[in-house]
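Participant: First the structure, which I've put down as structure tokens, then a few questions once you've had a look.
The values are calculated or read from the model by the stated rules, or taken from the named source; none is laboratory data. Just so it is clear, the structure is predicted and the values come from calculations on it, not from any experiment. For neighbour counting, all protein chains shown are included, and Cβ atoms are generated from backbone atoms with ideal geometry for every residue, glycine included. Calculation scope for accessible area: heavy atoms of the full protein, side chains included, ligands and nucleic acids excluded. Shrake-Rupley method; radii C 1.70, N 1.55, O 1.52, S 1.80 Å.
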Amino acid sequence: EDAVVWRCGAVGSFRAVPSRAAAYSRDGSVLAVAFASSIPLYSADGLVLQGCLTNAAVAEPVEALHFICGAPMLVAASPFSLAVWELRSMTLSWWYDASVTSIAVHPTLPEIAVAMGGDENGDGHVLVCAASSAVPQQVIKLKGDASPAVVYSWRADGDKEEAVLLSVSAARGFTALARGGDSAHSEGVDPQPAGAVEIEEAASRSAFSSIYGASSSKGSNETKGSKGAPRGGPTSGSVGAVRGSAAHEMLDGPSHVLPPCASIAAAFLSSLLPPAPDAAGAAAG
């Protein structure tokens with residue numbers, strides 16, 4: 001019989017902080033690892049750093065990571081937030097400022113199920129969202145379940161197979177969640193839920209273009225803005241997401257993407273010097 005031998009292929013670390021979550025891309029070529037609130041992306045072969053995702057508005061550690069099927073996107077969850085990243089531009093697509101207890105991604109569709117903690121009545125909620133939008137397609141109330149968990153499971157019915165969304169709890173075990181507007185479980189969908197932020201971009205932009213400047217081949221892009229605002233601050237932050245001030249973007253970004261001194265020296269010196277006197281005004285005086 002052939003023996004199976006496992007060996008260590010690479011060892012990595014990031015800023016001497018512990019990791020709480022990791023995920024491989026669907027094709028196995030990229031490894032995402034959560035170190036506190038930062039998510040470095042490595043090539044699976046040799047752990048070569050490809051980029052880093054950082055949401056400056058989130059301080060708590062990321063505890064769950066999933067690559068989304070059918071879209072170049074990554075979903076990350078921490079105890080009080082959920083973020084969906086667009087990997088082609090390395091920017092934050094949208095995020096929730098909410099108590100997240102569990103997340104699950106559809107095995108064949110770009111769909112996310114988000115379980116949220118109990119409200120003032122002790123009822124939990126499950127939001128089903130398309131990966132491209134913060135607006136949920138369906139909201140399902142789980143009465144009496146203050147800390148729900150969700151999972152997609154395959155169900156075979158003759159020759160037909162489909163993924164079924166299940167809630168999991170200690171009291172009720174596994175429960176199939178109704179889809180398609182069952183009035184016993186579903187609620188009306190808020191067009192923009194509280195705590196949700198969706199960032200719209202005119203075109204894909206490089207994760208570092210807002211700091212280092214747009215490349216000469218592609219030109220510059222502008223961000224349209226964001227819908228809504230998270231509780232306690234302005235629009236969400238990410239490496240490459242514009243907030244209207246280059247200084248804010250530079251200071252909120254992680255240290256490994258700070259621009260070289262030569263590129264900011266002129267602006268820094270200009271900010272220290274008094275403005276030049278108006279020639280016309282000086283002549284009139």
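Participant: Could you check Cys8 against (1) modelled with pLDDT under 90; (2) part of a strand (DSSP E or B) and say which number it fails?
Facilitator: That leaves (2) as the condition not met.
Participant: Take Gly124 and tell me if it is surrounded by 17 or more Cβ atoms within 10 Å (Cβ to Cβ) and either out of contact with any Phe, Trp or Tyr (no Cβ under 6 Å at 6 or more places or on another chain) or touching a residue at least 60 places away in the same chain (Cβ under 8 Å) (or both). Give the steps one after another, and end with the answer.
Facilitator: On the way: surrounded by 17 or more Cβ atoms within 10 Å (Cβ to Cβ): yes; either out of contact with any Phe, Trp or Tyr (no Cβ under 6 Å at 6 or more places or on another chain) or touching a residue at least 60 places away in the same chain (Cβ under 8 Å) (or both): yes.
Here the answer is yes, as Gly124 does meet what is asked.
Participant: Does Gly213 qualify as being open to solvent by 30 Å² or more (accessible area, probe 1.4 Å), under 25 Å from Trp85 (Cα atoms) and either modelled with pLDDT under 85 or of a type in the set (A, V, I, L, M, F, W, C) (or both)?
Facilitator: Working: open to solvent by 30 Å² or more (accessible area, probe 1.4 Å): yes; under 25 Å from Trp85 (Cα atoms): yes; either modelled with pLDDT under 85 or of a type in the set (A, V, I, L, M, F, W, C) (or both): yes.
Considered against the rule, which asks whether it is open to solvent by 30 Å² or more (accessible area, probe 1.4 Å), under 25 Å from Trp85 (Cα atoms) and either modelled with pLDDT under 85 or of a type in the set (A, V, I, L, M, F, W, C) (or both), Gly213 comes out as yes.
Participant: Sticking with this one: For segment 142-171, give me each residue that is within 15 Å of Thr101 (Cβ to Cβ) and charged (D, E, K, R).
Facilitator: Asp145
Participant: OK, next. It is to be established whether one or more residues within segment 19-32 are touching a Gly at 6+ places or on another chain (Cβ under 8 Å), over 23 Å from Ala98 (Cβ atoms) and touching a residue at least 12 places away in the same chain (Cβ under 8 Å).
Facilitator: There is no residue in segment 19-32 that is touching a Gly at 6+ places or on another chain (Cβ under 8 Å), over 23 Å from Ala98 (Cβ atoms) and touching a residue at least 12 places away in the same chain (Cβ under 8 Å).
Participant: Let me ask something additional. From Ala71, Ala76, Ala44, Ala23, which residue is aliphatic (A, V, I, L, M), open to solvent by 20 Å² or more (accessible area, probe 1.4 Å) and closer than 25 Å to Ser167 by Cβ?
Facilitator: Result of the check over Ala71, Ala76, Ala44, Ala23: Ala71.
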